[in-house]
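The values are calculated or read from the model by the stated rules, or taken from the named source; none is laboratory data. Note that the coordinates shown come from a computational prediction; the quantities given were computed from them, not determined experimentally. A quick note on method: Cβ atoms are made from the backbone with ideal geometry, for glycine too, and the neighbour counts reach across all protein chains shown. Please note that ligands, DNA and RNA were not included when accessible areas were found on the heavy atoms of the full protein model with its side chains. Shrake-Rupley method; radii C 1.70, N 1.55, O 1.52, S 1.80 Å.
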Amino acid sequence: MLDVNPPLRPVHRPDGYLRLEDMGLIGEGAAVALVGVDGSIPWLCVPRFDAEPVLAGLLDNRRGGHFTVTAQDLREARQHYLPDTAVLVTELRTATGRLQITDAIVVRPGADLTDDAPAGRAELVRSARVLDGTVRLDVDVQPRDGGQTHAAFDGLEIRPARRPDLRLHLRADRPLTSLPAAFDLREGEHLDLVLSWGRVHRHHRFDAEEMLATTADAWRRWMAHFTYSGPQEPLVRRSAITLKLCDDWVNGGMVAAPTSSLPAPIGGVRNWDYRYAWIRDAAFTVFAMRRVGFRNEADAFLGWVLDAFERSRQPRIMYTLDGGPVPDEVEDPGLEGYRGSAPVHWGNGAADQRQHDVYGEVLDCADQWVRGGGELQPALWAQLRGLADAAEWAWREPDQGLWEIRGGGRVFTYSAGMCQVALDRGAALAEQLGLPGSTARWRAAAAELTRRILEGSWDEKAQTLSAHLDGGGVLDASLLALPLRRVIPATHPRMVATTAAVAQRLSAADGLLYRYLHEDAPDGIAGDEGAFVLCSFWLVENLVLQGRLEEAHELYGSLCARTSPLGLLSEQIDPATGAFLGNFPQAFSHIGIIASGVSLARATSGVTA
């Protein structure tokens, strides 16, 4: 669970890798890194989220690369963020002393993080200071597959073998002539390092303390917009910052996670590249961010969705951050995978799947855009109108569904529900704005589709709605999202029964839920998986909407207690051990923390809208 003052503890490396729970995220809206509790940086993507990582030790601890600043004879360690910032502090204890490392990918002095503009300096600052005693400090930078390092003005230039487009420049406030390097420091002494990948600042004198301070100030100015008051407020604050770290500050899109190919489970093959923006994330993200005070980020994501859709002229389920098509999925045999979990993937093979929920996702974004004061130009409305028309018939055809199964398609209830959303929102937009469209027909089709979901997918014997529109009683946790998208009221008797069925039959124990059971719903991929964190937060929201506030508070508290000491969550959790699985940190999981907290706070205070 989130702990702003965690105890020092031994560093564990199962199979030679840090646990995901023992890493923190830093970034500046383009570049992103994971910092380990041992002082290593095993993941660095520059100059943007979806670039080939220059450091990929997260996926191969021998060949992947790292930027390490650590103490010899390390005994114990801990991490915390400076309050309301993405500045990370790691403390290391040895037999002879204690070392504190402060890390950030820094931003420009005076940067306004609400602006749709670059804020970064293309610089990662690492400031190591001995708190007491003496420490022998090791420093090394090794890109994936090595590279050439030579002395350059005021430091070292590193040319990664796999990234001829990239020149790294490492500067220090002490003489640094080669790598690896070692420094003997006493209490009060420090070593400041700056790793640059741009060409603007590398000849300038640097002041690490000032760079870290101005970065912290920028984050705190941004957090001044935070308005939430409710359960687990410190964790909701941290989740807002985590989502901001997954946000492309220039384009407005948001990656599902800043990592690729972290397995679920360990040793399995369910390893995917999540460094792209999914359309379906937008509506959930916008709901969450608006309700905790970050309207600019919400509007930017909505605008990004509509721009990407308008440019592509057809709905895609995901895009690159600049709104382009996602690269084809390829395996990388050069990396062994996290804890030996191959294959490692770049690109995403689900990008061209048929997923009918995208019709509703786009139109729901358009509806929220207009509700927030945005305008729809005629050309864009013509495309949106076409989506509503297509949704009227698309739900009848099989698709790969919300969970992007790699096997044969089915007519999924959730996909049909999102087609209902497309029809409902299309009609609402046409009525509100006086736009041309088949409003009456869309309204009638939406009502008919709701009836079909309630009747066609209902399984009398199992007393639940089913994952598939033709019934059968197979369960899928995505059914819990239907009330959240206003397809079916949470208090409808069949939805209440479905909530109970999901909570019981998809339970992974202690409030955790599986998305579905693989023996009941094969998805074309070998192996099982962990409990999917977001599904449990959907259960919290259903309990709130059904007036079961005591149960909702209890479940919400238990889920929040599963975060790392830094307040971060992965995509999945191993029910047996509580270990994190899947890409990390996962935006959807942090959306769940915020949205469920907001729902509980409003229900507790009597707010209904």
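Relative contact order, whole percent, for region 61-114 stands at 26, derived from Cα pairs under 8 Å and 6 or more residues apart.
Note that region 450-596 presents 33 Å² accessible area per residue, ligands and nucleic acids not counted, probe 1.4 Å. Neighbours of ALA151 by Cβ distance under 12 Å: Lys/Arg scored +1, Asp/Glu scored -1, total -1. In terms of accessible area, using a 1.4 Å probe and ignoring ligands and nucleic acids, ARG220, ARG425 rank largest first as ARG220, ARG425. Think of region 465-586 as a dipole: +1 on every Lys or Arg Cβ, -1 on every Asp or Glu Cβ, centred on the Cα centre; then among GLN504, TYR556, GLY473, TYR556 lies furthest on the positive end.
For a modelled paramagnetic label at ASP470, 7 Å from Cα along Cα-to-Cβ, the residues of region 391-409 in reach, with backbone nitrogen under 11 Å, are 398. Does region 249-319 classify as rounded, prolate or oblate by the C-alpha gyration tensor (a ≥ b ≥ c root eigenvalues; a/c under 1.5 gives rounded; else a/b over b/c gives prolate, otherwise oblate)? It is oblate, given that a/c is not under 1.5 and a/b is not larger than b/c.
Helical runs (DSSP H, four residues minimum) scored at -39500 (n - 2.57) apiece and divided by the length of the chain put the mean residue ellipticity at 222 nm at -10000 deg cm²/dmol.
The mean accessible area for residues of region 200-317, using a 1.4 Å probe and ignoring ligands and nucleic acids, is 34 Å² per residue. Measuring nothing but protein heavy atoms, the accessible surface of the chain at 1.4 Å probe radius is 49 percent carbon and sulfur.
Between the beta carbons of ARG371 and LEU517, assuming R0 = 41 Å, the FRET efficiency works out to 0.60 to the nearest 0.05.
Return a whole-number percent for the relative contact order of region 1-116, with Cα pairs under 8 Å and 6 or more residues apart as the contact set.
Over region 1-116, the number comes to 23 percent.
With the simple model of a label 7 Å out from the Cα in the direction of the Cβ, LEU131 to HIS150 spans 4.2 nm.
Label-to-label distance for GLN432 and SER558 is 3.8 nm, based on points extended 7 Å past Cα in the beta-carbon direction. Rounded to the nearest 0.05, what FRET efficiency is calculated for GLU455 and ASP217 with R0 set to 60 Å and r the Cβ-Cβ distance? Approximately 0.55, to the nearest 0.05.
Computed on the chain, the Cα convex hull volume stands at 138 Å³ per residue.
Once the 1.4 Å probe is applied to the protein heavy atoms, region 93-170 comes out at 40 Å² accessible per residue.
The order of HIS468, HIS12 by accessible area, most exposed first and with a 1.4 Å probe, is HIS12, HIS468. Work out the charge dipole of region 98-241 with +1 on the Cβ of Lys and Arg and -1 on the Cβ of Asp and Glu about the Cα centre, then indicate which of VAL107, VAL135, LEU156 is farthest towards its positive end. About the Cα centre, the residue reaching furthest to the positive side is LEU156.
Dipole magnitude for region 334-384: about 140 debye, using +1 per Lys or Arg Cβ and -1 per Asp or Glu Cβ, origin at the Cα centre.
Here region 370-384 is scanned for amide nitrogen atoms under 16 Å from the site 7 Å beyond the Cα of ARG441 along Cα-to-Cβ, giving 382-384.
Rounded to whole Å, the principal axis extents of the Cα atoms in region 399-480 read 44, 29, 19, largest first.
Its Cα centre serving as origin, region 10-84 has a Cβ charge dipole (Lys and Arg +1, Asp and Glu -1) of approximately 180 debye. Within the shell of other residues whose beta carbon sits under 13 angstrom from the beta carbon of ARG19, the net charge comes to -2, with Lys and Arg scored +1 and Asp and Glu -1.
In terms of its C-alpha gyration tensor, region 1-151 comes out oblate, because a/c is 1.5 or above while a/b does not outweigh b/c. With R₀ fixed at 60 Å, the C-beta to C-beta distance from THR96 to ARG311 puts the FRET efficiency at about 0.55. How charged is the neighbourhood of SER40? Take every other residue with its Cβ under 12 Å from the Cβ of SER40, and add Lys/Arg as +1 and Asp/Glu as -1. After counting each charged neighbour, the total is -3.
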